[in-house]
Amino acid sequence: MRFLWDDGKCWLAEVGRVHRMWTANSSGSSAPFENGPQGPESCGADESRQASAPADDERGVTFFEGYALNFSAGQVVVHPHHGPATVKKIFTRSIRGELRSYIRLAVPQADLEVSIPVDQAEEIGVRSVVDAAGVREVVSVLLDESEDYEKVWARRIKANAERLRTGNLRTVAGLIRDLTRQNEEKRLAFGETKLLRDAMAPFVAELSIVLDMPAKDVEAIVVAAVVEGVRPELPELELATAS
């Protein structure tokens with residue numbers, strides 16, 4: 001935590017949240033603590049009381065600690081449902097008198113912006129872009145045997161929708177593998193076709209970033225691995241960018 005001075009108030013900042021501690025009045029005294037800061041210089045002047053700070057709004061801090069990710073403007077992360085997104089802005093909102101830190105994500109492939117509370121980002125499933133080891137695991141999933149086929153359509157579509165909702169790259173890779181192979185045998189119904197499309201788009205977009213390849217080439221690699229069992233040749237140089 002640390003202390004931030006804003007609008008005549010001293011705030012105690014914790015990871016993802018900012019709480020008011022002292023308010024300076026017109027006489028220069030502070031409340032509720034007798035020895036509270038008298039202004040921006042004394043707010044946080046006691047170094048022994050400071051530790052790591054969370055991201056505040058654009059006037060101050062630009063990263064977070066205490067979560068799986070440290071967010072910064074321009075960073076590329078992955079939203080579990082929308083795929084790769086860029087951190088466009090870090091800002092705060094006042095919710096019932098309490099300041100909460102948010103990140104605004106820009107999703108280019110969907111022309112969409114999403115705002116997420118920082119202290120819920122990990123729970124929501126926002127994560128870093130997959131690394132080299134993750135790419136290899138995903139390729140293995142694509143080449144693996146399909147899961148058992150559920151003959152009852154209602155159960156099958158429900159189970160597959162749940163797989164997509166996880167946002168887990170390995171799980172989504174397995175969904176793409178199974179639906180693609182089923183479509184090769186017999187054309188998928190509309191609902192499953194949409195599921196495959198919704199799974200493929202963010203999946204390909206992420207791998208396209210990691211491998212620095214056009215999306216159409218990545219999709220061709222995915223389909224070849226799933227349908228023909230072709231293990232893609234992924235240059236070490238490109239995989240290194242994912243590390």
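The values are calculated or read from the model by the stated rules, or taken from the named source; none is laboratory data. All values derive from a computational prediction rather than experimental measurement. Quick reminder, even Gly has a Cβ in these numbers, built from the backbone with ideal geometry, and neighbours come from all protein chains shown.
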Of the listed residues (175, 142, 188), the one being surrounded by 14 or more Cβ atoms within 10 Å (Cβ to Cβ), aliphatic (A, V, I, L, M) and part of a loop (DSSP other than H, G, I, E, B) is 188
Of (1) touching a Lys or Arg at 6+ places or on another chain (Cβ under 8 Å); (2) modelled with pLDDT under 95; (3) not small (Gly, Ala, Ser), residue 171 fails just (2)
